1. Figure the gain on full extension for residue 96 and residue 5 (residue separation times 0.36 nm, minus the Cα-Cα span) and round it to one decimal in nm.
2. Quick check: from the Cα gyration tensor, does the chain come out rounded (a/c under 1.5), prolate or oblate?
3. Packing-wise, with mean Cβ within 10 Å as the measure, how do 6-12, 40-46, 17-23 rank, highest first?
4. Computed FRET efficiency, Cβ-Cβ of residue 19 and residue 75, R0 25 Å: what is it to the nearest 0.05?
5. From the phi angles alone, apply the Karplus equation (6.51, -1.76, 1.60; θ = phi - 60°) to the stretch 61-66 and give each ³J(HN,Hα) in whole Hz, x where the residue is Gly or Pro.
Amino acid sequence: MGRVFVIELEGPVYTCTKCHTHLGLPNDIIAKNGRHEYNFTRLFNTFLVESTSNSAFPDICCVGCSKNMGIYSVSDPNSYWVMRGELHGPEGSDDEV
Ligand SMILES: [Zn+2]
C-alpha cells in the first residue's frame, strides 16, 4: 500500500460527511439533479472503483474513509456525479448542510 496524499483545498469546499476530507469546489459544479446529485467537473481526494454492475459507471470513493460517494461516467470525463447526502456543504454558504 502506498501513502495516501490528501489535498487541502482553500476557500469554500464540499467535504465528506464521514471523515471531512476535502472533495470538491462549488465552482466545479456544472449541474444539479434536483438536490440529490451534483455534477462536478473534477473531484479531489477520491478514487474510482469498477462497479460490479455497470463498468461504464465506476463508483467514486473517498480516500479518507473509502465511502462510496457517487458514480463517474467514463464517456464524459467531466461527469462526476456525487450524491448530495454524502457531502457537507461549504460553511456559511446557503448550501451548508
Ligand atoms: Zn470520507
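What follows draws every value from the coordinates through simple rules; no lab data is involved. None of these values were measured; they are calculated from a predicted model. With ideal geometry, Cβ positions are generated from the backbone for all residues, glycine too; neighbour counts draw on all protein chains shown.
1. Working: separation 91, 0.36 × 91 = 32.76 nm, distance 2.59 nm.
Contour length minus the Cα-Cα distance gives 30.2 nm.
2. Details: a/c = 1.75, a/b = 1.18, b/c = 1.48.
Oblate, since a/c reaches 1.5 and b/c is not below a/b.
3. On the way: 6-12: 10.7, 40-46: 19.4, 17-23: 17.7.
Final packing ranking: 40-46, 17-23, 6-12.
4. On the way: r = 30 Å, r/R0 = 1.19.
Plugging the Cβ-Cβ distance into 1/(1 + (r/R0)^6) gives 0.25.
5. 10, 6, 5, x, 10, 6
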